[in-house]
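Structure first, then comments.
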Amino acid sequence: MTILNFGSVNIDHVYRVTHLVRPGETIASSDYRQFSGGKGFNQSIALARAGGDVCHAGRVGADGVWLREQLAADGADVHLLEVIDGPSGHALIQVDDEGENAIILFGGANRTFTAEDARSIFDSFGADDWLLLQNEISALPEILELAQEQRLRVIFNPAPMGAEVLDYPLDGVSIFILNEVEGAALTGASEAEDILAGMRERFPNATIVLTLGADGAIYDDGSQRIAVTARQVDAVDTTAAGDTFIGYFLAGLAGGDDPKTALELATQAAAICVTRPGAAPSIPRRDEIDG
């Protein structure tokens, strides 16, 4: 059984500045670094490092071939990660001396998908396979509908959350993995118990996994409720914590773990992730958790 991650791949361009640039102003940057990014990319890295069987479907431009190579080196199947004409998705990120940031995000190749593209990708997958989606590629409403027709088991992480998600055809989603902000947007509730109740009312047949940051996570499939606590660590950078959790949780479930064991594995991996700077570089490998 394969987890098909149909998701974004980005290049992050990070500039260190004394202050965030003002309208009409030109300033010098004291440092520049380029990183891999995109929620889809990070989740595929996490799945692969957790030992999951993951195939990443996506698109990059010629400027993003190194991202494809990085995914492959970590063990992901990249035969559906196309290199197309035009720029990869990317972010221009200013970080000032106070740690504040300003970000311009360009979807690039991530925003070129159509329903027909999705149909051709799904032709290679069936009812025994899982489909992981985030909210960073184009044609998501059509992709969700096609996935339901194909009887794929759909796991949806509604991040980054936008008003458009409320209009997506979400009734075919099998597992929602979301944080409190995303849960509040979908339900109008603010407390964890109320979010879970609202999600259960709206999506009675779905499994809900609500992540609570330093407070752990809750799993609710309608017949059982499982809560796990997070390992307490000194956090350095939480950038990829959610993506790490998702990759490890799904790898655990797909590998035959019961939900509680998968939750515990995911929270342990996320705890290691936040003690390191960066996104993909901070995602641990399975032997760091099992060892």
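Bear in mind these aren't lab numbers, they're just calculated from the coordinates by the rules spelled out. In this text, all values refer to a predicted model and were calculated from it rather than measured experimentally. For neighbour counting, all protein chains shown are included, and Cβ atoms are generated from backbone atoms with ideal geometry for every residue, glycine included.
Here is how the numbers come out for the structure above:
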{"quantity": "Principal axis box of the stretch 76-235, alpha-carbon based, largest edge first, Å", "calculated": "49, 46, 30"}
{"quantity": "In Å, descending, principal axis extents of the Cα set of the stretch 213-291", "calculated": "38, 24, 20"}
{"quantity": "For the chain, alpha-carbon Rg over 2.2 N^0.38 Å", "calculated": "0.98"}
{"quantity": "Separation in nanometres of the label points that stand 7 Å from Cα toward Cβ, at Phe106 and Val233", "calculated": "3.4 nm"}
{"quantity": "Å³ per residue enclosed by the Cα convex hull of the stretch 119-212", "calculated": "88 Å³"}
{"quantity": "Rounded FRET efficiency, nearest 0.05, which uses the C-beta distance separating Arg16 from Asp128 and R0 of 45 Å", "calculated": "0.45"}
{"quantity": "Inter-label distance for Ser120 and Asn205, nm, one decimal - labels placed 7 Å from Cα along Cα-to-Cβ", "calculated": "3.1 nm"}
{"quantity": "Computed [θ] at 222 nm, deg cm²/dmol, the chain (DSSP H ≥ 4; -39,500 (n - 2.57); rounded to nearest 500)", "calculated": "-9000 deg cm²/dmol"}
{"quantity": "Contour minus Cα-Cα distance for Phe35 and Arg276 (0.36 nm per residue)", "calculated": "85.3 nm"}
{"quantity": "Cα centre as origin, Lys/Arg/Asp/Glu Cβ charges: the chain dipole, Debye", "calculated": "300 debye"}
{"quantity": "Gain upon complete extension [Asp97, Ile27; 0.36 nm per residue less C-alpha separation]", "calculated": "23.8 nm"}
{"quantity": "Relative contact order of the chain, pairs being alpha-carbon contacts under 8 Å that are 6 or more residues apart, as %", "calculated": "17 percent"}
